[in-house]
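Reviewing the structure listed below.
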Amino acid sequence: MKDLLSRAATVAEQAELFQYNAERQAVSFESSKLKEITSTEEQSTTLRLIKEGRLGSSTVTKPQSEDTLLNYATNTLKYGSSVSYKFPGATQLAQPSVYDARVTRVTQQEMLDMATDLVSALHAYDPNIKAMVEVAKQRGTYALANSAGFSAVCEYTTWLLGFGGELVSERDGFLFVHDYIAGTDYEGQTDLLKSRVIESFRLARSIATIKPGQYPVIFAPSEVGSVVSPLLACLNGRAVARGFSPFKGRLGELGFDPRLSIIDDATANGAVGSKAFDREGTPTSKWALIERGTIASYLLDLQTAAELNLAPTGNGSTGGPVPNNIIIPGGSSSYDEMLAGIDEGILIEGSMGAWAGNPYGGQVSGNISLGYKIEKGRLVGRVKDCMFSVNAFTDLRDNISALSREQIWRGNTCYPYLALQGVNISAKED
Amino acid sequence: MKELVFRALEGANADYCEIRIEETHQTSLVYRGRNLDDIAQSLNFGGNVRAQKDGGWGFVSFNSLADLEQKVRLACEQAAAIGAVKNEKSHMADVAVVVQEIAAEVLTHPKGITLEEKVNIFARYNDIILGYHPSITSSLVRYFDRSTQIFFANTDGTYISQEKVDIGCGMRAIATRGSITVQEGVSTGSSNDFACVLGKEDELRKACQLAVDLLAAPTVKGGEYTVILDPSMAGLFVHEAFGHLSEADSITENEEMRQIMTLGKRFGGEILNIYDTGLARGNRGSSLYDDEGVPTERTDLIKEGVLVGRLHSRESAAKMGEKPTGSARALDYSFPPIVRMRTTCIGRGSSSFAEMLQDIELGIYAVGGYGGETNGEMFTFTASHGYMIRQGKLAELVKDVTLTGNVFTTLANIDMVGDDYLYDNNAGGCGKGSQSPLATSEGSPHVRVQKVVIGGAN
């Protein structure tokens with residue numbers, strides 16, 4: 001690494017080298033049948049150079065390709081992005097827990113047994129469900145060094161349990177349920193996942209009808225991300241610096257319901273997005289993007305921080321700022337209380353296509369792929385053939401009725417249930 | 001390479017084993033606003049071994065060719081571990097053994113264009129966007145080209161070396177007024193011609209004007225409408241709403257799905273013809289052979305409204321007793337091939353656009369496919385913009401047009417197919433099975449559909 005950095009220093013004023021390697025093993029079931037075992041070895045090296053205020057970069061995955069790496073990065077220097085920042089130097093880092101040796105010790109047979117156990121549990125509930133399971137473990141290291149003296153290495157593990165199934169019938173059509181647990185720690189207990197998936201199938205047993213109109217809607221933690229995705233897109237420093245974001249120039253402004261906060265937390269032990277330093281060597285932390293309804297900060301890497309004259313926030317990646325772990329703190333209601341307070345409405349656990357709109361306009365519309373009708377505080381059946389539409393900017397300002405105390409971690413998010421009033425539901429009219 | 005891979009395959013203890021090795025050189029650049037935010041050249045090299053034993057699969061991917069024999073052994077051991085539990089017959093439909101080294105038939109190869117020329121072309125487009133109107137506050141201009149050399153060999157004796165080229169660009173004007181931000185753009189791509197990105201100035205100016213106009217456009221009112229899909233939206237519809245259902249890997253192990261997708265079943269009116277082809281040279285996703293070494297073809301899926309075919313890998317074809325269609329595709333060496341679309345098309349019809357419009361009292365003309373998703377039964381997709389149709393005429397511009405519906409009902413509700421035609425080679429791709437974005441394209445005329453649900457305020 002030092003040799004390559006030294007060579008890079010002969011063609012540029014600043015140089016940064018990122019090396020990554022990982023091994024992943026996975027076992028999967030498809031249509032209730034054991035399907036495959038996969039092993040993946042990955043390695044890559046990325047070089048970024050800065051010369052005369054321009055940034056060039058290259059990535060190679062081929063071993064012993066240092067010359068190609070250096071040539072490609074040098075080629076792009078002449079045209080690269082104009083930059084005014086310097087790569088950060090050595091600093092004290094607080095490493096969250098992202099490595100669990102137990103993950104590396106799980107055997108292939110144990111992974112097969114775990115997957116088989118999940119399929120058996122679903123079949124015990126209903127043998128007609130075609131089960132899908134993925135059990136995967138990963139171990140990797142990444143190392144970052146630059147010409148300013150920063151040098152750090154991180155070793156991590158990842159553990160993933162993905163579980164679900166599909167049920168197809170002439171009468172009720174298609175029903176898909178999928179859930180997962182992902183973290184850096186070993187999670188050998190599959191009971192939580194089993195109960196979540198089987199409960200979703202149970203609730204979807206009967207079909208309920210819904211007429212077009214405006215309804216109170218509870219977005220489950222699995223679906224809250226769709227509603228807040230425009231906020232994250234607009235809080236991204238690139239969108240702000242390039243003028244896409246309507247949040248530009250609005251730091252400190254109360255833009256949302258004061259019960260809503262959005263936190264980026266890279267320090268949470270065991271979470272897949274946790275890290276001591278970002279992809280550019282900036283130390284990470286825990287801080288609010290939205291604090292009690294106020295636009296508090298943007299997601300910033302070195303480039304966008306320099307352009308906006310702000311400090312980088314530890315969200316650098318290869319492709320601009322990205323969230324680490326996004327947390328929405330819970331509210332004062334329990335989920336049961338939220339449900340009990342709705343006379344007629346919908347609980348949405350999953351949607352399709354909600355990502356496809358224009359995030360900078362705030363509009364989110366998705367087909368409700370897994371949702372349940374609420375009548376007099378009870379879930380009475382699955383709703384189908386309908387679509388929800390919200391505007392994240394206005395609905396998260398004016399129409400939040402409650403946030404639940406309960407929060408659920410999924411991957412790098414931790415969300416509560418979110419209840420909105422007056423959500424537009426489009427459906428067939430006959 | 002040929003010797004290396006066949007020597008490694010000699011040690012395969014499996015019913016079937018294959019090795020795929022790829023080397024991709026990529027150039028990419030992104031303008032956001034005035035800044036050339038990203039520019040990079042990269043080399044992505046790697047390979048995989050896939051083995052089948054007693055119905056079980058093992059898959060090993062890597063970046064280094066060292067110890068290839070050991071990687072073959074590992075994949076075979078993994079397949080055997082699964083096979084020991086399944087104890088089924090391995091399924092791989094017979095195909096002709098091919099030994100061929102194929103040079104890409106590229107009209108203008110991106111590697112013949114200097115980095116400086118590429119930067120200048122997209123700098124000019126970026127200038128057009130940013131200089132078009134004061135309401136246009138930013139731009140997003142992306143370009144990439146990839147040239148991939150693929151070496152494929154299997155235990156049947158097939159060896160194919162082929163080059164695949166993929167070129168794409170997407171250029172968006174972003175307009176802002178107060179708290180309203182909208183975007184509109186142009187997207188194109190090709191599998192054999194860098195020239196696809198040239199001469200887009202007029203199209204780009206139209207997109208800029210549309211972005212400006214969209215600032216004042218109302219959000220569409222939700223409800224059920226008669227909808228005319230432009231060729232881009234119709235292409236997105238046929239990919240999302242029907243194409244994925246035609247991928248046989250989701251059918252083979254599911255008896256209920258087999259019943260629903262029984263060949264000979266009627267899915268639409270006699271005006272409806274749908275096919276998928278790997279032979280549309282130049283379109284993104286076309287190639288001579290798929291990632292199992294099977295020649296690509298044109299596969300008829302719906303003929304005159306009746307289901308007549310589906311897309312297959314060698315495994316799904318064998319399991320269903322049908323013919324492989326050259327549809328097994330992998331995003332890159334780190335993934336096994338799965339059944340995927342190539343260029344998915346709705347066949348040309350006979351209705352003019354004016355005929356489609358004339359008897360619609362209240363409807364929507366949905367233009368420009370933005371993105372979509374399906375779960376097999378339901379679909380949803382978003383247009384970049386739309387126009388209301390009132391009393392048989394195009395009326396006001398509307399934004400945030402998202403369509404949803406039941407696939408089967410919607411196919412049956414197609415009542416007119418246009419006499420025009422357009423291939424959409426936008427720079428996006430298909431996202432099935434986390435292998436995203438895989439280069440695909442679509443072809444379609446205008447299509448009219450009755451009773452489509454549009455999201456939005458009621």
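The values are calculated or read from the model by the stated rules, or taken from the named source; none is laboratory data. Since we're looking at a predicted model, the values are computed, not measured. Note: ideal-geometry Cβ built from the backbone for every residue, glycine included; neighbour counts use all protein chains shown. In case anyone asks, the SASA skips ligands and DNA or RNA and just uses the protein heavy atoms, side chains included. Shrake-Rupley method; radii C 1.70, N 1.55, O 1.52, S 1.80 Å.
Go through segment B:394-435 and give me each residue that's in a strand (DSSP E or B) and over 24 Å from B:G456 (Cβ atoms).
B:M416, B:V417, B:G418, B:L422, B:Y423, B:D424, B:C430, listed by residue number.
Can you tell me which of (1) modelled with pLDDT of 95 or more; (2) facing another protein chain (nearest Cβ under 10 Å); (3) open to solvent by less than 10 Å² (accessible area, probe 1.4 Å) is the one A:S81 doesn't meet?
Just one mismatch for A:S81, condition (1).
Considering only segment B:446-458, state which residues are in a loop (DSSP other than H, G, I, E, B) and surrounded by fewer than 24 Cβ atoms within 10 Å (Cβ to Cβ).
B:G456, B:A457, B:N458
Residues to consider are A:E134, A:E66; find the one that is touching a residue at least 60 places away in the same chain (Cβ under 8 Å), within 16 Å of A:F18 (Cα to Cα), of a type in the set (D, E) and more than 9 Å from chain B (Cβ to nearest Cβ).
That would be A:E66, the only listed residue that is touching a residue at least 60 places away in the same chain (Cβ under 8 Å), within 16 Å of A:F18 (Cα to Cα), of a type in the set (D, E) and more than 9 Å from chain B (Cβ to nearest Cβ).
Being assigned to a strand (DSSP E or B) and open to solvent by 80 Å² or more (accessible area, probe 1.4 Å) is the filter here, so list the residues in segment A:164-188 that pass it. Show your work before the answer.
Step one: filter segment A:164-188 for residues assigned to a strand (DSSP E or B), giving A:164-169, A:173-183.
Hit for segment A:164-188 is A:H178, nothing else.
Out of curiosity, is A:L231 outside any strand (DSSP E or B), within 14 Å of chain B (Cβ to nearest Cβ) and either under 22 Å from A:S369 (Cα atoms) or at pLDDT 95 or above (or both)?
Criteria met by A:L231.
With the structure loaded, tell me whether A:A296 is of a type outside the set (D, E) and more than 30 Å from A:L49 (Cα to Cα) or whether it fails that test.
yes
Out of everything in segment A:189-225 that is touching a Gly at 6+ places or on another chain (Cβ under 6 Å) and open to solvent by 20 Å² or more (accessible area, probe 1.4 Å), what residue ends up being farthest from the other protein chains (Cβ to nearest Cβ)?
For segment A:189-225, the residue satisfying everything is A:S206.
Sort out which residues of segment A:57-105 are out of contact with any Phe, Trp or Tyr (no Cβ under 8 Å at 6 or more places or on another chain) and small (G, A, S), and write them in order of number.
A:S57, A:A73, A:G80, A:S81, A:S82, A:S84, A:A94, A:S97, A:A101
I want to confirm something. Restricting to segment A:234-266 and keeping residues that are open to solvent by 10 Å² or more (accessible area, probe 1.4 Å) and either of a type in the set (V, I, T) or in contact with a Cys (Cβ under 7 Å, 6 or more places away or on another chain) (or both), which single residue is farthest from the other protein chains (Cβ to nearest Cβ)?
It comes out as A:I263.
Those residues that are surrounded by fewer than 24 Cβ atoms within 10 Å (Cβ to Cβ) and either of a type in the set (V, I, T) or outside any strand (DSSP E or B) (or both), I need them from segment A:25-46; list them, please.
A:S31, A:S32, A:T40, A:T45, A:T46
Being away from every other protein chain (no Cβ under 11 Å), in contact with a strand residue (DSSP E or B) (Cβ under 6 Å, 6 or more places away or on another chain) and farther than 30 Å from A:N71 by Cα, is that true of even one residue in segment B:81-90? I'd like the intermediate steps shown before the answer.
Applying the first criterion (away from every other protein chain (no Cβ under 11 Å)) to segment B:81-90 yields B:89-90.
When the remaining residues are screened for being in contact with a strand residue (DSSP E or B) (Cβ under 6 Å, 6 or more places away or on another chain), the result is B:90.
Going one step further and asking which of them are farther than 30 Å from A:N71 by Cα, we end up with B:90.
Checking segment B:81-90: at least one residue is away from every other protein chain (no Cβ under 11 Å), in contact with a strand residue (DSSP E or B) (Cβ under 6 Å, 6 or more places away or on another chain) and farther than 30 Å from A:N71 by Cα.
Given the structure, is A:I50 farther than 27 Å from A:S200 by Cβ and either at the interface with chain B (Cβ under 8 Å from one of its Cβ atoms) or of a type in the set (A, V, I, L, M) (or both)?
Yes: the conditions hold for A:I50.
Is it the case, given these coordinates, that A:L302 is surrounded by 20 or more Cβ atoms within 10 Å (Cβ to Cβ), modelled with pLDDT of 95 or more and away from chain B (no Cβ under 14 Å)?
no
So which of A:A22, A:A12 ends up being not assigned by TED's automatic domain parsing to the domain that holds A:G320 and not in a strand (DSSP E or B)?
Only one candidate qualifies: A:A12.
If I filter segment B:222-256 down to residues being open to solvent by less than 10 Å² (accessible area, probe 1.4 Å) and either free of Cβ contacts under 8 Å to residues at least 12 places away in the same chain or among the acidic types (D, E) (or both), which single residue comes out as farthest from the other protein chains (Cβ to nearest Cβ)?
Only one residue fits best here, namely B:E247.
Just checking, does segment A:93-112 include any residue being open to solvent by less than 50 Å² (accessible area, probe 1.4 Å), basic (K, R) and modelled with pLDDT of 95 or more?
no
Tell me which residues, restricted to segment A:305-324, are farther than 16 Å from A:T267 by Cα, of a type in the set (A, V, I, L, M, F, W, C) and open to solvent by 20 Å² or more (accessible area, probe 1.4 Å).
Across segment A:305-324, the qualifying residues are A:A306, A:L308, A:L310, A:A311.
I need the full set of residues from segment B:291-306 which are in a loop (DSSP other than H, G, I, E, B), open to solvent by 10 Å² or more (accessible area, probe 1.4 Å) and touching a Gly at 6+ places or on another chain (Cβ under 8 Å), in order please.
Within segment B:291-306, B:T296, B:E297 meet the criteria.
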